[in-house]
Amino acid sequence: MSLVQFLRILAARKAIIFATLLACFFAATVTVFLLPPRYEAHNRVRIDITKPDPLTGQMSQQMLNSYLGSQLKMITDVQTAGLVVDDLGWATDPANQAAFEAAGRPGGDIRDWLAQRIVDNTQARFAESSNIIEITYRGTDPASTQGIAQAIREAFLKLNREQRTNTAQRSAATFQEQADRALAAVSAAEEARTRFAKENGIVYQPGGVDLESSKLTALSSAATVPSQGQVVAQGNSQVAMLKQQIAQAEQTLGPNHPTLQALKRQLSVLEQQGSGPVISGNNRAQIESAYQAQKARVLAQSDKMDQLNQMEADIAVKRDQYQKLAAKAEEMKSIAQAGDTNLEPLGNTNLPDEAVWPNKPAIIAGAIGLGLVLGILLALLVELFARRVRSEDDLEYATGAPVLAMVGQPRPENSLTARMLRLIDRKGASPGASLAEA
């Protein structure tokens, strides 16, 4: 079938095409005016991802993407929508109860059914590749649509806050349990250290130093005290130096000058107190003998002291673990009590002023296009079941023989259809037509 034959069929069946187009147009027009309008309300929530989460700590990019995706899922979850149903009191509304019974859901939960209706009309997405979530709800009334969208955002924030609080409480309980076990381990280690020290006759002092080592340190300090001759020499040297400074100051300063008075007071104190403790030679020998004996006792129990020091180091490690766990438990308790969240509502929920659906121009234009296509298909289908010879081309196609002449009343050649066909048919008039004209 050539393009000219196709167009002749459409021209012959134009009534069918036009009727189908008008039917689709009127059906679409009536439908768009009968359908209830749908309005959209929007609000936004910002997620603070600039600081580490106190519960999870620093998150990797993969963990962050998973976390942000879970926040979107939470907005369109039945659990969040259920809080909206409770807040609006829909489950106890007689109209909603009647609609639930009419839906044929015996034995079901009206709360979940209403929550699913909210979920079906709710969308959540990130605005312009940012950390801002845009929540959209579509409804049939501007005021109720705005109220439900606001309730969805508040329910999402409340649910997120409750989940973080519950997570912090569970974490606090876990850390507290671990801290209690760590404290018990510290107590057991300290008891083992004390028992070991008693069994070996070691007296421990504050700071982790045993009594024998303390005595050794004291004897070592006593052995370094200067002798009486050293003390006298040092005292005389300091007194002579101060007297020399006083003599020089008296030549240049007045008798009541503060500097001169300070030097005289220092000289007086030095002459009254001397320069420190003094021991005699006999006492020094006794201290040296006691020092050597104490040193021998300390060296004799050095292996036990090493074991005791190791036990003390183990206690320090366990005490540090306990302190960290206790601090973490307190941190989780403070988070649970504060109820903070990293979500922040941005702005107010808008009151929609224009319906976003149905889009009347788009629907009517689509109906016109659909009606035209359906009309053409219907015209071709009718032509298929009732095929006719409309021109010499159809006759040639049907018989497979050339047309030599046409007899009868020729069709008008000045019609719009004829002119369009002549423009499309690039071959011009057929041989039969030329012979008929001759």
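At 0.36 nm per residue, minus the direct Cα-Cα distance, what do Arg181 and Ala27 gain on full extension? Give it in nm, one decimal, please.
Additional length available on full extension: 47.8 nm.
Would you calculate the separation in nanometres between label points at Arg388 and Ala15, each defined as 7 Å from the Cα along the Cα-to-beta-carbon direction?
0.9
Tell me, what ³J(HN,Hα) does each residue in the stretch 317-324 have, in order and in whole Hz, if you take phi through Karplus 6.51 cos²θ - 1.76 cosθ + 1.60 with θ = phi - 60° and put x for Gly and Pro?
5, 5, 5, 5, 4, 4, 5, 5
Rounded to the nearest 0.05, what FRET efficiency do Phe126 and Ala338 give with R0 = 22 Å and r taken as the Cβ-Cβ distance? Could you check?
Between Phe126 and Ala338 the formula returns 0.20.
Can you give the extra length, in nm with one decimal, that the chain gains between Gln97 and Asp314 once fully stretched, where that is 0.36 nm per residue apart less the Cα-Cα distance?
71.4 nm is the gain from fully extending Gln97 to Asp314.
Rounded to the nearest 0.05, what FRET efficiency do Arg161 and Leu372 give with R0 = 51 Å and r taken as the Cβ-Cβ distance? Could you check?
The formula returns an efficiency of 0.35 here.
Residues with amide H under 5 Å of Asn43's amide H, sequence separation 5 or more or different chain, H placed in the peptide plane at 1.01 Å from N; which?
Result for Asn43 returns Ile135.
So for Phe18, Phe175, fewest C-beta neighbours within 10 Å to most, what's the order?
Exposure proxy ranking, most exposed first: Phe18, Phe175.
Rank these for me by crowding, Ile368, Ile315, going from fewest to most other beta carbons within 10 Å.
Ile368, Ile315
Could you compute the net charge surrounding Gly347? Neighbours are other residues with a C-beta less than 13 Å from the C-beta of Gly347; K and R count +1, D and E count -1.
+1
In what order do Glu40, Glu128, Glu162 fall by count of nearby beta-carbon atoms within 10 Å, going from fewest to most?
Glu128, Glu162, Glu40
With the cut-off at 27 Å, tell me which of the pairs Lys198/Lys328; Lys158/Lys360; Lys158/Lys333; Lys73/Lys158 have Cα atoms farther apart than that.
Flagged as over cut-off: Lys198/Lys328; Lys158/Lys360.
If each of Ala262 and Asn65 carries a label point 7 Å out from its Cα toward its Cβ, how far apart are those two points in nm?
The modelled label-to-label distance comes out at 7.3 nm.
The numbers here are math on the coordinates, done by the rules we state, and not lab data. Model, not experiment: these values are computed from the prediction. Quick reminder, even Gly has a Cβ in these numbers, built from the backbone with ideal geometry, and neighbours come from all protein chains shown.
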